[in-house]
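K.L.:
Quick one: structure below, then a few questions.
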Amino acid sequence: MITYVLKRLGQSAFVVLLTVSTVFVLIRMAPGDPATALAGPNATAADLAKIRTQLGLDGSILSQYLTFLERLFTGDLGTSYSFRAPAFDVVIDRLPYTITLALAAVALTAVIALPLGIWMSRRADTGREMGANIVTIAAQSMPEFWSGIMLLTVFSVLLPVLPSSGFTTWPGLVLPATTIALLQVALISRLVRREMVSNLTSPYLTVARAHGIPERRLVWGYALTNSAIPVLTALGTRFAAMLNGVVVVEVVFNWPGVGSLVVRALETRDYPLIQATVLVTAALAILVQLLIDLMYPLLDPRIRLGKATAR
Amino acid sequence: MAVGSLAGCASPTGGPPPGSVTLGLNRSLVSLDNKLNQFDAAVTVQRAVRQGLTRIGADLTPVPVLADRFELTAPTQWTVRLREGIRYSDGSPVRIKDVSTALTMYRQVSGSYIAGFFPEWPTVVPVDERTFTLETKRPLPVLDYLMANILLTPASANVPEELQSGVGSGPYVVTASNRGTGEYTLRRNNNYWGRPARVKQVQVRFVPEESNRVVGLRSGEIDIIDTITPDSADQLSGQPDVAFERVRGTRINQLFYNFRKPDGHPLSKASVRQALSLAVNGKRLADEVLAGSAQPAVGPVAQTLNGAVPCGTYHYDPRRAKQMLEAEGIADGDLRLTLIWETGEFAGDTSVMEAVVQMLGDIGVRVRLRQFEPGGNISEWRQGRAGDWDILGNGYASPVGAALPILQGMYGGTPERERTRDTYQGYINREVLTLLDRAYAEVDAERRQKTTARIQQVVWDSWPSMWAFVPNSVLAYRTRVADVSLEATNSYQLARIGLEA
C-alpha cells in the first residue's frame, strides 16, 4: 500500500511538473505583454523595458524557465504582478472559496442524485421513469450560465431571498452550488440508474432474491454497494474538476474562487499567478484522485491497490 | 481560512449591515494608491483614505485639501502652506517631508500614471514648519491641478510602487482588506482633522460583471454602482428605491487616426481624414447606438475641462466625403482601412465600430475590424510594433480637470519621444509644440487661456479623429443613501454621503 502511494505520488509530481511547464511555455507564446497590462496607460517604452527587466521577462523563454524551476524547487512561485503578493498566497487565499463551493455542490448532487437514481432504477422503463429522464436530460442540457442567471433572477431579484453575488454570508452558497448541482444531478442520477439496473438484473441478485433476501436489502445492501465504485469515481472526478475553478458559475455569481482568479490572471497576463493556480489546482486534483483510488479497497475488498485484481 | 471569516455583519441576503454602505466597483481596487493607475471609481475610495494638497472640485477647479494656501508667487514658484493640525489616522502629523517624498515616489515608479501630465517635477523647498515652495525651472501654471493627483503618505512608509496598506489623512481608515477578492472595509476615521464622515462603515466590493452589479443594486445587496452603460441604466430605470446621478464627463473617446503613416499614404493627408469624418453620422451614433449617453465632441478635449473651447462640429455629408476622396484620386473600393480597439474601451464599443464599418462602406471605403481582448497585445499594435492599423478606438481620461495638461499628454508628442513610440499614435505637430511651450511659460491666466484655445483649434483643424464623443458619467444608487453627488471626474466624496433615517 505504502509503495503504491509513494509510486503514485512520484507519478503525480511528474504530471504536475509537466502541466506547469506546458502552461509556462504556452502563456508566453500567447499574444499579450504583462508589462503593458501592468503599466499605466501613459507608460513609455523605457518604462515598459524597465518593468520587463524587473519582472525577469527580458531573457529568453529557456532562461526564464530555468529560473522558474530553480525557484519552484525552493517553494517560490513568484510574485503576482497584479496583486503584488506571493502568487502562491493569492491562490491559497482563494482556494477555500472554491473548495467550499465544490464540496457543497458535490454534497447536494449526492443527496439528490443517489435516491433519484435508485428510484429511477426501481421504475426502469415506466412512464414515471421516462418523466424523470426528461427532467434530468433537460437539466443536463441547460448551460450553467443560463440556469445560473435564471436562479439568480428568481431568488435574488424577483424574490430577494438569497444573495446574488459574492460570499459574504452562508446563504450566498446556495445559488452557485445549486447551479452546479443541476447539471451534476442529471449526470450522476443517470449513472446510478444504469449501474443499479445492471446490478439488479445480474445473476447474483437473482440467486439472492431466490434465497428470499428482502428486496430492500438487495437494493440498498447489494446493488448499491456494487454500484458505488463508478459513482464514487464520477463524483470524485467532478469534484477534482471543480477544484480547477468552476469558471462560468464563479463569474455569474461573482464567486471569489480560483476560477474567477484565473480569468483575471489571464486578462492581466499575470504569469506567476497563472502558474501558481495551475500548480496548486493540478496537485489538488491529482490528490483527490489518489484518495478515491485508496477508497476502492474499502468498497470492494477484491481490489488490492498496486496489484492485478483477482479474477 | 478565508471562508471562516465571512463578513459576519452582512445581512442574510448579503445586504449591507445597519449603518453601512456597500459600493460595487467594476475593477478591483488592488491598492489604495494611484501611482500606476487611477480608474474613476477608485478615486472615490482612494481619496477617502489618502488625500492630496488639493483635489479637483465639482467645477473642475482645484480645491485646497491638506493645504490651506496654494498660490503662484513667482513664475516658477508656488507657495504652499499645510493646514494647521492635520494628522494621519495614526495620529502622526502631516509634514512637508511627506510631500517631497511623495513627489519622488510618483516620479520613480515605473509606468507612472501621473508622470505624463507633469512637464517637469517640482522641487520642495521648506520655508517654515508648515510652509514650503514648489520650485520649477520653467513656469508650471497648472501645478495646483496636477498636485491633486499626488496623494500623501508618511514619508517613512512611502515607496516607489503602489501602496497596498498604510495610513492616510482621509475621513476613513481601512480596517480589513482582501486583495484576493477585492473586498475592503473602511471605518470612519475618528482622528480625522476635518468634518467626520457621516456613514460609519463602507464596504467596498469588487464585482467585475456589470450584470452582477445591476442585480446586486436591484436586490439591495449593493448601494452604489458607478460607470454603468446605457443598457444597465435602462434596466434600472423605473425600479423602486433606485436613483441616478448623471454628469457630463471629462473623458473623451475617439476614433483616432494613425499618424505613423508614411508620406503618400492617404491618411497622411488632412483632407482624406476630413473626408472620412464626413462619412460618419455622429448624431445617429450618439443618439441611437449610444442611446443618448454621449455627446459628439466639439473640440479635441471634453468641454467640461477648464480651458476647453468649442472648435467645430462633426458634420455628416457622405456625398461631399466621396467627392473629397475622389479629388484625392481615391475611387470606390480603393481605400481599405483597419480599425482596432480593445473590448470595453467604452460602453457600446462594438456596436459603434460595426456602425462605422457600414457608414464608411456607404462611401466605398472598406473597413476591417480587429478587436483585442483586455490583456492582449493592443499596445504593441498601437505602437506599430505588432501590425499596421489605420484607426484606433480609444478613450482618454482627463483626471486633472484642465485642458492644458490633457493637450500636452495627447498632442505634445515630439520627434524624440516618437523614437521610442511614446507619442500619442504618432501625432507630432510643430505648431502645437510651440504653442504648448508658450502656454506653459505664460503666467498671465488670460493670455495662457488664449494660447490654450489656439492649441485646440490647431489640433482640431488637423483632423486627428474621424469622430470623437464625450460620454456622460452615470451612477446608480439605492435611495437609502443620501447626498451622493457625482462630480465630472466620475467620482464623489464618500465622507459626504449619508443614510436616510
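K.L.:
Quick check: anything in the stretch A:36-53 away from chain B (no Cβ under 14 Å) and either β-branched (Val, Ile, Thr) or within 30 Å of residue B:382 (Cβ to Cβ) (or both)? Before the answer, list the steps.
P.N.:
The first filter runs over the stretch A:36-53 and keeps only residues away from chain B (no Cβ under 14 Å), leaving none.
No, the stretch A:36-53 contains no residue that is away from chain B (no Cβ under 14 Å) and either β-branched (Val, Ile, Thr) or within 30 Å of residue B:382 (Cβ to Cβ) (or both).
K.L.:
Considering the stretch A:159-188 alone, what residues qualify as being among the hydrophobic types (A, V, I, L, M, F, W, C), out of contact with any Leu (no Cβ under 8 Å at 6 or more places or on another chain) and more than 13 Å from residue B:220 (Cβ to Cβ)?
P.N.:
Once the filter is applied, which keeps residues that are among the hydrophobic types (A, V, I, L, M, F, W, C), out of contact with any Leu (no Cβ under 8 Å at 6 or more places or on another chain) and more than 13 Å from residue B:220 (Cβ to Cβ), the stretch A:159-188 yields A:182, A:183, A:186, A:187.
Quick grid of which residues meet (1) of a type in the set (Gly, Ala, Ser); (2) modelled with pLDDT under 90; (3) in contact with a strand residue (DSSP E or B) (Cβ under 7 Å, 6 or more places away or on another chain); (4) surrounded by 23 or more Cβ atoms within 10 Å (Cβ to Cβ):
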position: B:200; (1), (2), (3), (4): no, no, yes, no
position: B:210; (1), (2), (3), (4): no, yes, no, no
position: B:220; (1), (2), (3), (4): yes, yes, yes, no
position: B:225; (1), (2), (3), (4): no, no, yes, yes
position: B:230; (1), (2), (3), (4): no, yes, no, no
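K.L.:
Any residue in the stretch B:84-100 that's touching a residue at least 12 places away in the same chain (Cβ under 8 Å): show its pairings with residues that are aromatic (Phe, Trp, Tyr) and surrounded by 15 or more Cβ atoms within 10 Å (Cβ to Cβ) at Cβ separation under 8 Å, as long as the two are six or more apart or on different chains.
P.N.:
B:85/B:193; B:86/B:193; B:87/B:193; B:89/B:192; B:94/B:88; B:96/B:132; B:99/B:132
K.L.:
Just the residues that are hydroxyl-bearing (Ser, Thr, Tyr) and surrounded by 24 or more Cβ atoms within 10 Å (Cβ to Cβ), please, taken from the stretch B:474-490.
P.N.:
Our first condition is that a residue be hydroxyl-bearing (Ser, Thr, Tyr); within the stretch B:474-490, this holds for B:477, B:479, B:485, B:489.
Matches in the stretch B:474-490: B:477, B:489.
K.L.:
Of the conditions (1) within 22 Å of residue B:140 (Cα to Cα); (2) within 14 Å of another protein chain (Cβ to nearest Cβ), residue B:443 clears all except one; give me its number.
P.N.:
With (1) within 22 Å of residue B:140 (Cα to Cα); (2) within 14 Å of another protein chain (Cβ to nearest Cβ) applied to residue B:443, the lone miss is (2).
K.L.:
Filter the stretch A:20-42 down to the residues that are small (Gly, Ala, Ser) and within 20 Å of residue B:387 (Cβ to Cβ), then identify the one that is modelled with the lowest pLDDT. Spell out the reasoning first.
P.N.:
Narrowing the stretch A:20-42 to residues small (Gly, Ala, Ser): A:21, A:30, A:32, A:35, A:37, A:39-40.
Right, trim to within 20 Å of residue B:387 (Cβ to Cβ) and you get A:30, A:32, A:35, A:37.
Working: A:30: 82, A:32: 76, A:35: 82, A:37: 72.
Per the criteria, the residue is A:37.
K.L.:
So which residues in the stretch B:177-190 are within 14 Å of chain A (Cβ to nearest Cβ), out of contact with any Asp or Glu (no Cβ under 8 Å at 6 or more places or on another chain) and not in a loop (DSSP other than H, G, I, E, B)?
P.N.:
If the condition is that a residue be within 14 Å of chain A (Cβ to nearest Cβ), out of contact with any Asp or Glu (no Cβ under 8 Å at 6 or more places or on another chain) and not in a loop (DSSP other than H, G, I, E, B), then B:183, B:184, B:185 are the ones that fit.
K.L.:
Let me ask something else. Please enumerate the residues belonging to the stretch B:103-151 that are more than 22 Å from residue B:410 (Cα to Cα) and touching a Gly at 6+ places or on another chain (Cβ under 6 Å).
P.N.:
Within the stretch B:103-151, just B:151 meets the criteria.
K.L.:
Considering only residues that are of a type in the set (Val, Ile, Thr) and not in a helix (DSSP H, G or I), look in the stretch A:123-170 and name the one that is surrounded by the fewest Cβ atoms within 10 Å (Cβ to Cβ). Outline the logic, then answer.
P.N.:
Residues of the stretch A:123-170 of a type in the set (Val, Ile, Thr): A:126, A:134-137, A:149, A:153-154, A:157, A:161, A:168-169.
Now restrict to residues that are not in a helix (DSSP H, G or I): A:126, A:161, A:168-169.
On the way: A:126: 11, A:161: 13, A:168: 26, A:169: 20.
My answer is A:126.
Okay, residues lined up against (1) out of contact with any helix residue (DSSP H, G or I) (no Cβ under 9 Å at 6 or more places or on another chain); (2) assigned to a helix (DSSP H, G or I); (3) surrounded by fewer than 22 Cβ atoms within 10 Å (Cβ to Cβ):
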| site | (1), (2), (3) |
| --- | --- |
| B:369 | no, no, yes |
| B:374 | no, no, yes |
| B:384 | yes, no, yes |
| B:388 | no, no, yes |
| B:392 | no, no, no |
| B:400 | no, no, no |
| B:404 | no, yes, no |
| B:410 | no, yes, no |
| B:416 | yes, yes, yes |
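K.L.:
So residue B:419 clears everything in (1) in contact with a strand residue (DSSP E or B) (Cβ under 7 Å, 6 or more places away or on another chain); (2) within 14 Å of chain A (Cβ to nearest Cβ); (3) within 28 Å of residue B:146 (Cβ to Cβ) except one condition, right? Which one?
P.N.:
(1)
K.L.:
State the number of residues belonging to the stretch A:217-252 that are closer than 30 Å to residue A:178 by Cα and charged (D, E, K, R).
P.N.:
Filtering the stretch A:217-252 down to residues closer than 30 Å to residue A:178 by Cα leaves A:219-221, A:223-252.
Now narrow it down to the ones that are charged (D, E, K, R): A:238, A:250.
Going through the stretch A:217-252 one residue at a time, the tally reaches 2.
K.L.:
Among the numbered conditions (1) assigned to a loop (DSSP other than H, G, I, E, B); (2) within 14 Å of another protein chain (Cβ to nearest Cβ); (3) in contact (Cβ under 8 Å) with a residue 40 or more places away in the chain, tell me where residue B:347 comes up short.
P.N.:
All conditions pass for residue B:347, except number (2).
K.L.:
Within 16 Å of the chain's Cα centre (by Cα), in contact (Cβ under 8 Å) with a residue 12 or more places away in the chain and away from every other protein chain (no Cβ under 14 Å): is that true of residue B:61 in this structure? Even if it seems obvious, please write down each step before you answer.
P.N.:
Details: within 16 Å of the chain's Cα centre (by Cα): yes; in contact (Cβ under 8 Å) with a residue 12 or more places away in the chain: yes; away from every other protein chain (no Cβ under 14 Å): yes.
Answer is yes for this residue.
K.L.:
Out of all the residues in the stretch B:155-172, which are among the hydrophobic types (A, V, I, L, M, F, W, C), under 14 Å from residue B:35 (Cβ atoms) and away from chain A (no Cβ under 14 Å)?
P.N.:
Taking the stretch B:155-172 first, the residues among the hydrophobic types (A, V, I, L, M, F, W, C) are B:155, B:157, B:159, B:163, B:167.
Filter once more, keeping what is under 14 Å from residue B:35 (Cβ atoms): B:157, B:159, B:163.
Of everything in the stretch B:155-172, just one residue is among the hydrophobic types (A, V, I, L, M, F, W, C), under 14 Å from residue B:35 (Cβ atoms) and away from chain A (no Cβ under 14 Å), namely B:157.
K.L.:
Shifting gears a bit: From A:240, A:276, A:228, A:223, which residue is touching a Gly at 6+ places or on another chain (Cβ under 9 Å) and in a helix (DSSP H, G or I)?
P.N.:
Answer to the check: A:276.
K.L.:
Only residues that are touching a Gly at 6+ places or on another chain (Cβ under 8 Å) and at negative phi: list them for the stretch B:469-494, please.
P.N.:
Step one: filter the stretch B:469-494 for residues touching a Gly at 6+ places or on another chain (Cβ under 8 Å), giving B:469-473, B:478, B:481-483, B:487-490.
Within the stretch B:469-494, B:469, B:470, B:471, B:472, B:473, B:478, B:481, B:482, B:487, B:488, B:489 meet the criteria.
K.L.:
Another question, then. Quick one: in the stretch B:226-261, of everything that is assigned to a loop (DSSP other than H, G, I, E, B) and polar (S, T, N, Q), which residue is nearest to residue B:343 (Cα to Cα)?
P.N.:
The initial filter retains those residues of the stretch B:226-261 that are assigned to a loop (DSSP other than H, G, I, E, B), namely B:227-229, B:237-241, B:249-251, B:258-261.
After this cut, where a residue has to be polar (S, T, N, Q) as well, the list is B:227, B:229, B:237, B:239, B:250, B:258.
Details: B:227: 16, B:229: 14, B:237: 26, B:239: 29, B:250: 21, B:258: 19 Å.
Within the stretch B:226-261, the match that is nearest to residue B:343 (Cα to Cα) is B:229.
K.L.:
Hey, any hits in the stretch A:161-180 for a residue that's farther than 14 Å from residue A:252 by Cα and among the aromatic types (Phe, Trp, Tyr)? Let's see the steps before the verdict.
P.N.:
Start the filter on the stretch A:161-180 by keeping residues that are farther than 14 Å from residue A:252 by Cα, which leaves A:161-162, A:168-171.
Within this subset, residues satisfying the condition of being among the aromatic types (Phe, Trp, Tyr) are A:170.
Yes, because at least one residue in the stretch A:161-180 is farther than 14 Å from residue A:252 by Cα and among the aromatic types (Phe, Trp, Tyr).
K.L.:
Do we find a residue being within 14 Å of chain B (Cβ to nearest Cβ), among the hydrophobic types (A, V, I, L, M, F, W, C) and surrounded by fewer than 21 Cβ atoms within 10 Å (Cβ to Cβ) anywhere in the stretch A:11-26? Lay out the reasoning, then the answer.
P.N.:
Of all residues in the stretch A:11-26, those within 14 Å of chain B (Cβ to nearest Cβ) come to none.
No: zero hits.
K.L.:
Same structure again: Please report, ordered by residue number, the strands (runs of 3 or more DSSP E) entirely within the stretch B:58-170 with at least 2 residues that are in contact with a Pro (Cβ under 6 Å, 6 or more places away or on another chain) and over 30 Å from residue B:483 (Cβ atoms). Working first, answer last.
P.N.:
Working: elements: B:62-64, B:67-74, B:77-82, B:123-126, B:131-135.
In the stretch B:58-170, B:131-135 are the strands (runs of 3 or more DSSP E) which contain 2 or more residues that are in contact with a Pro (Cβ under 6 Å, 6 or more places away or on another chain) and over 30 Å from residue B:483 (Cβ atoms).
K.L.:
Could you look through the stretch A:60-92, keep only residues that are at pLDDT below 85 and at negative phi, and pick out the one that is surrounded by the fewest Cβ atoms within 10 Å (Cβ to Cβ)?
P.N.:
By that ranking, first place goes to A:85.
K.L.:
Among the residues of the stretch B:210-225 satisfying the criterion of being part of a loop (DSSP other than H, G, I, E, B) and within 20 Å of residue B:473 (Cβ to Cβ), which is farthest from the other protein chains (Cβ to nearest Cβ)? Before the answer, list the steps.
P.N.:
Taking the stretch B:210-225 as the starting set, the residues that turn out to be part of a loop (DSSP other than H, G, I, E, B) are B:220-223.
Filter again for within 20 Å of residue B:473 (Cβ to Cβ), leaving B:222-223.
Numbers: B:222: 8, B:223: 14 Å.
My answer is B:223.
K.L.:
Do you know which residues across the stretch B:151-175 are modelled with pLDDT under 90, closer than 17 Å to residue B:46 by Cβ and out of contact with any Asp or Glu (no Cβ under 6 Å at 6 or more places or on another chain)?
P.N.:
The initial filter retains those residues of the stretch B:151-175 that are modelled with pLDDT under 90, namely B:159-167.
Cutting the leftovers down to closer than 17 Å to residue B:46 by Cβ gives us B:159, B:161-167.
Passing the criteria: B:159, B:161, B:164, B:165, B:166.
K.L.:
Being in contact with a Phe, Trp or Tyr (Cβ under 8 Å, 6 or more places away or on another chain) and either in a loop (DSSP other than H, G, I, E, B) or among the aromatic types (Phe, Trp, Tyr) (or both) narrows it down to one of B:474, B:484, so name that one. Working first, answer last.
P.N.:
On the way: B:474 fails: either in a loop (DSSP other than H, G, I, E, B) or among the aromatic types (Phe, Trp, Tyr) (or both).
On inspection, the qualifying residue turns out to be B:484.
K.L.:
Return the residue satisfying two criteria in turn: it lies in the stretch A:261-277 and is more than 8 Å from chain B (Cβ to nearest Cβ) and within 15 Å of the chain's Cα centre (by Cα), and of such residues it is surrounded by the most Cβ atoms within 10 Å (Cβ to Cβ). So that I can check it myself, show each step before the final result.
P.N.:
Taking the stretch A:261-277 as the starting set, the residues that turn out to be more than 8 Å from chain B (Cβ to nearest Cβ) are A:262-263, A:265, A:270-277.
Subsequent filtering for residues that are within 15 Å of the chain's Cα centre (by Cα) retains A:262, A:277.
Numbers: A:262: 22, A:277: 29.
Selected residue: A:277.
The values are calculated or read from the model by the stated rules, or taken from the named source; none is laboratory data. A quick note: this is a predicted structure, and the numbers were derived from the prediction, not measured. For neighbour counting, all protein chains shown are included, and Cβ atoms are generated from backbone atoms with ideal geometry for every residue, glycine included.
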